[in-house]
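Undergrad: Take a look at the following structure, please.
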Amino acid sequence: MRKLIAFDEETYQAIAQLSRDRMGTLQELADEAFRDLLKKHGVPVNLKDALQRSAKKKPLAAKGRYSRKHTVVTTKKASQA
C-alpha cells in the first residue's frame, strides 16, 4: 500500500542524511519509526505480537478474590459504662 507523507525541507534533509549514513532507504527508516510508534502505544504490529501480548495477560480466575479496595475493616465498639 502506498501513502503520501509530506515533510518540511529541513526534516526531509535530516532523514535523507540518516538513511545515507545507515546505508539504508527512506522506506526502511519509515518502517522502523512506525513500528516503534505502535510499540510505544501498545498496539501489536502483527498476529504474532498480538498472541504474545494476550498470552502474558493473567486470566481473571488467577487473580485474588478481593482486591484491596474491597477489604472490610472492622473496629471494636467502645464499651458502655
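The values are calculated or read from the model by the stated rules, or taken from the named source; none is laboratory data. On a predicted model such as this, the values are computed, not experimentally measured, just so you know. We place every Cβ from the backbone using ideal geometry, glycine too, and count neighbours over all the protein chains shown.
Every residue, every condition in (1) of a type in the set (Gly, Ala, Ser); (2) at pLDDT below 85, yes or no:
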| residue | (1), (2) |
| --- | --- |
| 3 | no, no |
| 11 | no, no |
| 18 | no, no |
| 22 | no, no |
| 29 | no, no |
| 47 | no, no |
| 55 | yes, no |
| 58 | no, yes |
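Undergrad: For a quick check of your reading of the model, give me the residue pairs whose first member lies in region 45-67 and is closer than 26 Å to residue 32 by Cα, whose second is at pLDDT 60 or above and assigned to a loop (DSSP other than H, G, I, E, B), with beta-carbon atoms closer than 6 Å and at least 6 apart or on different chains.
TA: Going by the 6 Å Cβ cut-off, the qualifying pairs are 50/44; 53/44.
Undergrad: Let me ask you something else. What's the total number of residues in region 8-54 that are surrounded by 10 or more Cβ atoms within 10 Å (Cβ to Cβ) and either touching a His at 6+ places or on another chain (Cβ under 8 Å) or of a type in the set (A, V, I, L, M, F, W, C) (or both)?
TA: 15
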